[in-house]
Amino acid sequence: MKMNYKESFIKFMADSGVLTFGDFTLKSGRKAPYFINTGNYKTGAQLSMLGKYYAECIKDNNIEVETLFGPAYKGIPLSVSAAVALYDKFGMEVSYCFDRKEAKDHGEGGVFVGKQLIDGEKVVIIEDVMTSGKALREVLPKLKDAADVNITGMVITVDRMEKALDSDMSAVQSAYKEFGVKVYSIVNINDIIAAIENGIISGKEYLEAMKAYREAYGVQY
C-alpha cells in the first residue's frame, strides 16, 4: 500500500520510538494514551528524513518562504535539514538562520547565525512540537528586532489539537490569535487515529482511549 507523506511520517515516528502508546501522565497532569518524545530522534538518517517531511509540509501548504528560522537549540538542526530537503526534493533554494541564547560580542557579533534578516523577508519558523507557545513568544521579539520580517508561518511535527489548561483553544489556535502566526503541522492527532484505523501503524487496542481523550480535551478546527 502506497502511503502519503503524512502516513509515512506517522510510521516513521512509531518506528523511531517517538510515538508510543500506553498510560502516560503529561506535564499538564492529564492522563494520555499516547506520548510523543522527539528526543528519540538522534541519528543522521532520522534527521535527513525529518527534513524531507518538513519540506513536504511547506510545499503541500504552499507556504511562502525565503528563510527558515530554527530557534535554539532544537530548531537548529531541524531548520538546516529542512532547507537542504527543500533544495534536494523541490529545487527550492532557501536560506536558514538561528539565534544564539546570548549575543556574541566579538567576531561578527550579533544574536543570529546564518542569513542576516532584512525588512520584508518571508520567514518560516521550524520547531518540533508546540505545547504552550512559549518558544514563539520568546523568538518573535528577536526576529522583529533584527528586521521587519514577514512571518509567513511556523511548522511543527504534530498538532495534538488539545485545549490548553487555561483556555478552550489549542496552542496552535492561541498562536494565531495572539501573534497572527499560522502554525502548520506535518500531522495532527486525527491523522494518527486514522493511521491506526487503517493499519498504517499498530495500536488498535488504544483506539477507544485515543478517541475518549480527544473527546475530553480536543478542539476542532
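Key figures for this structure:
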quantity	calculated
Residue count for the range 9-36, restricted to those that are within 20 Å of the chain's Cα centre (by Cα), surrounded by fewer than 18 Cβ atoms within 10 Å (Cβ to Cβ) and modelled with pLDDT of 95 or more	5
Candidate set: the range 104-151, residues that are crowded, with 16+ Cβ neighbours inside 10 Å and part of a loop (DSSP other than H, G, I, E, B); chosen: the one modelled with the lowest pLDDT	GLY133
Count of residues meeting criterion [closer than 18 Å to SER8 by Cβ and either at pLDDT below 95 or polar (S, T, N, Q) (or both)] in the range 46-103	4
Residue in the range 33-49 that is assigned to a loop (DSSP other than H, G, I, E, B), without any contact (Cβ under 8 Å) to a residue 12 or more places away in the chain and touching a strand residue (DSSP E or B) at 6+ places or on another chain (Cβ under 6 Å) present	no
Subset of the range 53-65 [surrounded by 19 or more Cβ atoms within 10 Å (Cβ to Cβ) and either within 19 Å of ILE192 (Cα to Cα) or touching a residue at least 40 places away in the same chain (Cβ under 8 Å) (or both)]	TYR53, TYR54, GLU56, CYS57, ILE58, VAL65
Subset of the range 152-181 [more than 24 Å from PHE35 (Cα to Cα) and assigned to a loop (DSSP other than H, G, I, E, B)]	GLY180, VAL181
Close pairs (9 angstrom Cβ cut-off, 6 or more residues apart or separate chains): farther than 11 Å from THR67 by Cβ in the range 82-94, assigned to a helix (DSSP H, G or I) and among the polar types (S, T, N, Q) anywhere	VAL84/SER48; ALA85/SER48
Cβ-Cβ under 8 Å pairs, at least 6 apart or on other chains, the range 171-183 side under 13 Å from SER132 (Cβ atoms), far side surrounded by fewer than 18 Cβ atoms within 10 Å (Cβ to Cβ) and polar (S, T, N, Q)	ALA171/THR131; ALA171/SER132; SER174/SER167
Among residues of the range 190-201, those that are touching a helix residue (DSSP H, G or I) at 6+ places or on another chain (Cβ under 9 Å) and either farther than 20 Å from THR157 by Cα or without any contact (Cβ under 8 Å) to a residue 60 or more places away in the chain (or both), counted	6
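The values are calculated or read from the model by the stated rules, or taken from the named source; none is laboratory data. Since this is a predicted model, take the numbers as computed values, not measurements. Positions of Cβ are backbone-derived with ideal geometry, glycine not excepted, and every protein chain shown enters the neighbour counts.
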